[in-house]
Amino acid sequence: MSHRPKLGVALWGTHPMPQLIKQVQISEALGFESVWVIDSQLICRDVFVTLAACLANTSKIKLATGVTQPKTRHVSAAASALATLAECYPGRVLAGVGTGFSSVRTLGMRAAKASELEAFVTKLRKLLRKQEVEFENGARGSITWMEEPSEAQVFVAASGPKMTQLAAS
């Protein structure tokens, strides 16, 4: 019995939406497990709208943010978007998160610090599990509309020793 490796494709959201959807459909037909859509405003289309369109036009391939980061996406908005997609497309939504690259450079911002990413990931995972978190201003909240914890999985993009250690935790 052979074990087939899990392979994913990275997709820049720079083409018209019908072409992006076709690229994901081809990836699914070729047997790829996932497509990771770049989250980089000003360069790419909105990642969550793109994920929704691609999920609606495929049947089994997983779609992911590749990658979302804490500088331009508030954790509450990211968690709600991911949970909504996971509710509509169970078992097919992944959250790739990282410190930021093109998504922050285009705005003249620095990438998130490891500590900022760690806090973001911790809060994101808790919100997706229907747990309450404390936000930067001291307010507390949770996703109240969810009936059950979300199935969306969170993956941390890492390069270098600090980020690899964070991703492993």
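Coordinate-derived values only; no laboratory data. Everything numeric here is computed off the predicted structure, so don't read it as measured data. When we count neighbours, we look across all protein chains shown, and the Cβ atoms used for this are built from the backbone with ideal geometry, even at glycine.
Projecting the Cα atoms of ALA157, TYR89, GLY141 onto the charge dipole of region 55-169, computed from C-beta unit charges around the Cα centre, puts ALA157 farthest toward the positive end. Stretched out straight at 0.36 nm per residue, the stretch from VAL49 to HIS74 would grow longer than its current Cα-Cα span by 7.4 nm. For the listed peptides 138-148, 62-72, 20-30, a ranking on the average number of other beta carbons within 10 Å per residue, highest first, reads 62-72, 20-30, 138-148. The SER115 and GLU151 beta-carbon pair, evaluated with R₀ = 35 Å, returns a calculated FRET efficiency of approximately 0.80.
For region 17-169, the Stokes-Einstein estimate of translational diffusion at 25 °C and a viscosity of 0.890 mPa s comes to 154 µm²/s, using the Kirkwood hydrodynamic radius over alpha-carbon pairs.
Rounded to the nearest 10 degrees, the inclination of helix 114-128 to the longest alpha-carbon principal axis of the chain is 70 degrees. Taking Cα atoms only, the orientation of helix 17-29 departs from the longest principal axis of the chain by about 70 degrees. Axis angle, to the nearest 10 degrees, between helix 75-88 and the longest C-alpha principal axis of the chain: 30 degrees. Counting every alpha-carbon pair across region 63-136, the share separated by more than 19 Å comes to 33%. Using a 7 Å offset from Cα along Cα-Cβ at LYS6, what residues in region 126-162 end up with backbone N under 11 Å from the label point? Under cut-off, by backbone N: 153-155. Excluding same-chain neighbours fewer than eight residues apart, the lysines reachable from LYS22 by a Cα-Cα span under 29 Å are LYS6, LYS60, LYS62.
Between ARG140 and LEU42, the contour length at 0.36 nm per residue exceeds the alpha carbon distance by 32.2 nm. The label-point distance for ARG129 and ILE26, in a model that sets each label 7 Å from Cα toward Cβ, rounds to 4.0 nm.
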